[in-house]
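Notes follow once the structure below has been shown.
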Amino acid sequence: MKLSDIITNPVRMKIMQFLQIKGEATTKQICEEVPDVPQPTLYRHINYLLKEDVLKVKEERKVRGSLERLLALNTDKLTENADIADSAYQFLMALYGSFQRYSEREKPDPYADMLSLRTYMLTLTDESYADFFKEIREVIDKYSKLEESGKSRSFSIISAPVAEDKNDKT
C-alpha cells in the first residue's frame with residue numbers, strides 16, 4: 001500500500017504527529033494524549049501502523065505482568081521509496097513538530113527568537129531561478145562556517161511550482 005494512503009487517516013495522523021513531537025512513547029502515553037479517540041480504535045491504528053512498518057518498537061519491558069512497548073516512527077520506512085508528495089508530507093510534519101515543541105516552551109517569544117514564516121512568489125526563468133538558488137546556497141554556506149556561540153536555529157526552504165488554476169483567466 002502507498003505510504004500516503006496509510007498515513008492520511010486522521011487517527012493515524014494524530015498518532016504520528018504525537019510521536020514526531022515526543023520522539024517515542026508507550027501506547028498508554030499515546031492514549032492519554034489523544035483522549036478524544038476511543039482506546040480500542042487507537043490500539044487498532046497503532047497495530048496497523050506497526051504492521052505496515054510505519055512505527056517500530058524501540059523497547060519492550062514487563063510492567064505489572066504486561067508487556068509495554070516503547071514506540072517510535074520508523075524513519076527508514078517513511079523515507080524509503082517515498083514519492084514527492086510523501087517526502088513533502090514528512091518534511092512538513094517534521095517542521096510542524098519543531099514548531100509544536102517551540103510553542104510548548106514556557107513563555108515562547110517569537111519576536112525575540114526571530115521566528116519567521118514567509119512565502120514569496122517569484123516569477124523567474126529557470127536560469128534566473130538556478131542563479132537565485134546558487135546565491136542562497138552561498139549565503140547559507142558562509143554563515144554555516146561561522147564558529148560563533150549563539151542560538152541554534154533551523155532554516156528551511158521549500159521550493160515548489162505554483163499549480164496553475166485552469167479557471168484563472170488572468
In Å and on Cα atoms, what radius of gyration and Dmax does segment 3-102 show? 13.4, 45
Degrees separating the helix 126-144 axis from the principal Cα axis of the chain, which is the longest one: 70 degrees
So which lysines pass the test for Lys145, namely a Cα distance under 24 Å, with those fewer than 8 places away in the same chain ruled out? Lys134
Could you give the nm distance between label points at Arg44 and Leu92, where each point is 7 Å from its Cα heading toward the beta carbon? 2.7 nm
Rounded to 0.05, the calculated FRET efficiency for the beta carbons of Thr125 and Glu60 at R₀ = 45 Å is 0.20
With the contact rule set at Cα under 8 Å and sequence spacing of 6 or more, what percent relative contact order holds for segment 3-102? 32 percent
Which of the lysines could be linked to Lys22 by a straight reach, that is with a Cα gap under 23 Å, when you skip same-chain ones fewer than 8 residues away? Lys14, Lys51, Lys56, Lys58, Lys62, Lys77, Lys107, Lys151
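Say R0 is 35 Å: what FRET efficiency, to the nearest 0.05, do Gln29 and Phe133 get from their beta-carbon distance? Intermediate results must be reported in sequence, preceding the final value.
Details: r = 41 Å, r/R0 = 1.19.
FRET efficiency, Gln29 to Phe133: 0.25.
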Just to confirm the number: angle between the C-alpha axis of helix 10-22 and the first principal axis of the chain, 0 to 90 degrees, nearest 10? 80 degrees
Segments 143-156, 46-59 sorted - mean Cβ within 10 Å per residue, highest first: 46-59, 143-156
Options [x] 2, 8, 17, 21, 23, 17, 9, 3, 1, 0, 0; [y] 1, 6, 12, 14, 15, 14, 12, 11, 7, 4, 2, 1, 0, 0; [z] 2, 9, 20, 24, 23, 15, 6, 1 are given for P(r) over Cα pairs in 5 Å bins from 0, in percent, and the computed one is [y]
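In deg cm²/dmol and to the nearest 500, what is the mean residue ellipticity at 222 nm of the chain if only DSSP H runs of at least 4 residues count, each as -39500 (n - 2.57), divided by the residue total? Each step should come with its number before you reach the end.
Values: 7 runs with 82 residues, N = 170.
Taking each H run of at least 4 residues, the total per residue is -15000 deg cm²/dmol.
Coordinate-derived values only; no laboratory data. Here the structure is a predicted model, which means the values were calculated and not measured. Note: ideal-geometry Cβ built from the backbone for every residue, glycine included; neighbour counts use all protein chains shown.
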